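Visitor: First the structure, then my questions, so here it is.
The values are calculated or read from the model by the stated rules, or taken from the named source; none is laboratory data. If you're wondering where the values come from, they're calculated on a predicted model, not measured in any experiment. FYI the Cβ positions are ideal-geometry reconstructions off the backbone, even for glycines, and counts take in every protein chain you see. Keep in mind that these areas ignore ligands, DNA and RNA; they rest on the heavy atoms of the full protein, side chains included. Shrake-Rupley method; radii C 1.70, N 1.55, O 1.52, S 1.80 Å.
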Amino acid sequence: MNVTAGQVLNGSAALSASGILPERIIQEMFAAGEISSAKPPVTGQVQPASLDLRLGSEAYRVRASFLPGPAIRVADRLEQLKLHTIDLSEGAVLETGCVYIVPLQESLALAEDISATANPKSSTGRLDVFTRVITDNGLAFDTIPAGYQGPLYAEISPLTFPILVRSGSRLSQIRFRRGQSLIADDILEEVHKSHTLMSGGNERIGNGVQLSIDLEGNGPGSLIGYRAKHHSGLIDVDVVGAQDPLDFWEPIHRRQRGELILDPNAFYILVSQEAVHVPPDYAAEMVPFDPLVGEFRVHYAGFFDPGFGHSGAGGVGSRAVLEVRSHDVPFIVEHGQTIGRLVYEHMAERPATLYGEGIGSNYQGQALKLSKHFRSPA
């Protein structure tokens, strides 16, 4: 049975077309009870192709990260692993080096053909806050199987900066999809010819759009990145533009040779050579490139919404900011080295509003850019 855009099938508000579900359908999922919360969505919570998830009223400090596994509820594991309970109603500090589990305000009752994935929000990843979503009976982080019915929880571990959060803070986001929506390379080549998915840099497609690192900037001595300082101050995740970047970050300037040694104890904000474009009918996600080319991570926060880098939404020249951490040993990266990739999925329908179009998007048209919490450098 085919269902048109405004129809409902078996109580579901989701479209019959495969692909990532846009904001209109996410709103209808609230109305249909497929997404529920004690509080209605707030302004800006529903994005063009995703939903921000809100922290609940309590956080649990736990001994270690965990997955509940088959037939086990997260609440039952918390009873075994929690060290103490933290009230978030008036705000609380989450310390570095600790693991916290926070029940989220949103819960799900998905249709049998709707699945979801989660990711840290861009601003969360740029603070080096390691955040993952877990579910009852979960076998993998950030993965919500089709037909899931139950609560959602955030695992939060600040790695560099202590953070101040409260009930309603939004650190994670979730995407809903029907069926298979990933675009194969041969089709992606055609999309690139029509829409120019990346420009400048290496411009390569292979297992998605390959991204390389920019270590040359605008010439000798120019700013090419930031290295996070340890033992810095506290960051309130809900306050924009309050922090002086020099209190938290060490600027990295281009040297004569276009290379950078990544310290395994450090966190870096770098930027891609390529300008990235996500056309209105598509969504993208940054994923690992290949661990065989180096043990580093660049995809703390991976979702790119429809309209990112789109000329019609003021995004010409938008780069991909890379949140980089080397594992185990120091590692040299060189200018132009492939360091990540974007995979593209098609939307079930074009969203009415694109990233950056009057919705308070913080990173449209970005080059090298810290999270929204920091003032722009003078």
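Visitor: In debye, nearest 20: dipole of the chain around its Cα centre with unit charges on the Cβ of K, R (+) and D, E (-)? Don't jump to the answer; show the numbers that get you there.
Guide: Numbers: 31 positive and 43 negative charges, 110 e Å.
It works out to roughly 540 debye.
Visitor: Please state the charge dipole magnitude for the range 148-223, taken about the Cα centre, from unit charges on C-beta atoms (+1 on K and R, -1 on D and E), reported in debye and rounded to the nearest 20. Could the numbers behind the result be given before it?
Guide: Details: 7 positive and 8 negative charges, 118 e Å.
For the range 148-223, the charge dipole is close to 560 debye.
Visitor: Next up: Who wins for biggest fluctuation among 42, 191, 343 in a Gaussian network model of the chain, springs between alpha carbons below 10 Å?
Guide: Greatest mean-square fluctuation among the candidates belongs to 42.
Visitor: Moving on to the next point. Rounded to the nearest 0.05, what FRET efficiency do residue 223 and residue 327 have when you use their Cβ-Cβ distance and R0 = 25 Å? Walk me through the intermediate numbers first.
Guide: Values: r = 26 Å, r/R0 = 1.02.
Plugging the Cβ-Cβ distance into 1/(1 + (r/R0)^6) gives 0.45.
Visitor: Quote to one decimal, in nm, the extra length available between residue 362 and residue 96 on full extension: 0.36 nm per residue of separation minus the C-alpha distance between them. Walk me through the numbers on the way to the answer.
Guide: On the way: separation 266, 0.36 × 266 = 95.76 nm, distance 2.54 nm.
This chain segment gains 93.2 nm when fully extended.
Visitor: Structure shown: which of 193/369; 121/369; 82/121; 121/372 lie over 20 Å apart, alpha-carbon to alpha-carbon?
Guide: Details: 193/369 28 Å; 121/369 15 Å; 82/121 26 Å; 121/372 11 Å.
Beyond 20 Å between Cα atoms: 193/369; 82/121.
Visitor: Here is a follow-up. Quick one: of the DSSP bridges fully inside the chain, what percent are antiparallel, nearest 5?
Guide: Details: 81 of 85 bridges.
Restricted to the chain, the bridges split so that about 95 percent are antiparallel.
Visitor: Still on this structure, I have one more. Ranked from highest to lowest mean number of other Cβ atoms within 10 Å per residue, what is the order of the peptides 25-37, 171-183?
Guide: Working: 25-37: 18.3, 171-183: 20.5.
Per-residue mean Cβ counts within 10 Å order the peptides as 171-183, 25-37.
Visitor: Sticking with this structure for a sec: Quick check: residue separation of residue 82 and residue 234 times 0.36 nm, minus the Cα distance between them. What number comes out in nm?
Guide: 52.3 nm
Visitor: Which whole-percent values make up P(r) of the chain when all C-alpha to C-alpha distances are grouped in 10 Å steps starting at zero?
Guide: 5, 24, 33, 27, 10, 1, 0
Visitor: Right, next: Over the chain, average the accessible area per residue using a 1.4 Å probe and give it in Å², no decimals. Before the final figure, lay out the partial values.
Guide: Values: 15710 Å² over 378 residues.
Computed with neighbouring chains in place, this is 42 Å² per residue.
Visitor: Can you run phi through the Karplus equation (6.51, -1.76, 1.60; θ = phi - 60°) for the range 85-101 and list ³J(HN,Hα) in whole Hz, with x for Gly and Pro?
Guide: Running phi through 6.51 cos²θ - 1.76 cosθ + 1.60 with θ = phi - 60° gives 10, 10, 7, 9, 4, 10, x, 7, 8, 9, 8, 5, x, 10, 10, 10, 10 Hz.
Visitor: While we're on this one: What residues qualify as long-range amide H neighbours of residue 273, i.e. H under 5 Å apart, gap of 5 or more or another chain, H built at 1.01 Å from N?
Guide: Residues meeting the amide H criterion: 212, 213, 214.
Visitor: Using label points projected 7 Å from each Cα along Cα→Cβ, tell me how many nm separate residue 247 and residue 287, to one decimal.
Guide: 4.0
Visitor: On to the next question. What FRET efficiency comes out for residue 36 versus residue 184 if R0 is 35 angstrom and r is the Cβ-Cβ distance? Round to the nearest 0.05.
Guide: Numbers: r = 35 Å, r/R0 = 1.01.
So the FRET efficiency works out to roughly 0.50.
Visitor: Could you state the number of Å between the C-alpha centres of the range 219-274 and the range 44-97?
Guide: Here the answer is 28 Å between Cα centres.
Visitor: Under the 0.36 nm per residue contour assumption, what length would be gained going from the current alpha-carbon distance of residue 334 and residue 195 to full extension? Please report the intermediate quantities before stating the final value.
Guide: Details: separation 139, 0.36 × 139 = 50.04 nm, distance 2.88 nm.
Taking residue 334 through residue 195 to full extension adds about 47.2 nm, to one decimal.
Visitor: Could I ask something else about it? Quickly rank 251-259, 363-371 as a protection proxy: mean count of other C-beta atoms within 10 Å, highest first.
Guide: On the way: 251-259: 13.3, 363-371: 19.8.
Averaged packing, sorted descending, gives the order 363-371, 251-259.
Visitor: For the range 36-119, what class follows from the C-alpha gyration tensor (a ≥ b ≥ c being the square roots of its eigenvalues): rounded when a/c is under 1.5, otherwise prolate if a/b is larger than b/c, else oblate? Before the final figure, lay out each step's value.
Guide: Numbers: a/c = 2.06, a/b = 1.28, b/c = 1.60.
Taking the square roots of the gyration eigenvalues as a ≥ b ≥ c, the range 36-119 is oblate.
Visitor: Around residue 72, which amide H atoms from residues at least 5 apart in sequence, or from another chain, sit under 5 Å from its own amide H, with H modelled in the peptide plane?
Guide: Placed amide hydrogens put 137 under 5 Å from residue 72.
Visitor: Ignoring ligands, DNA and RNA, what percent of the accessible area of the range 56-200 is carbon or sulfur (1.4 Å)? Present the calculation step by step, with values, prior to reporting the outcome.
Guide: Working: 2840 of 5740 Å².
C and S atoms contribute 49 percent here.
Visitor: Treating only the Cβ of Lys, Arg, Asp and Glu as charged (+1, +1, -1, -1), what charge dipole size does the range 94-162 show about its Cα centre? Round to the nearest 20 debye. Don't skip to the end; give the middle numbers.
Guide: Numbers: 3 positive and 8 negative charges, 47 e Å.
Magnitude of the dipole: close to 220 debye.
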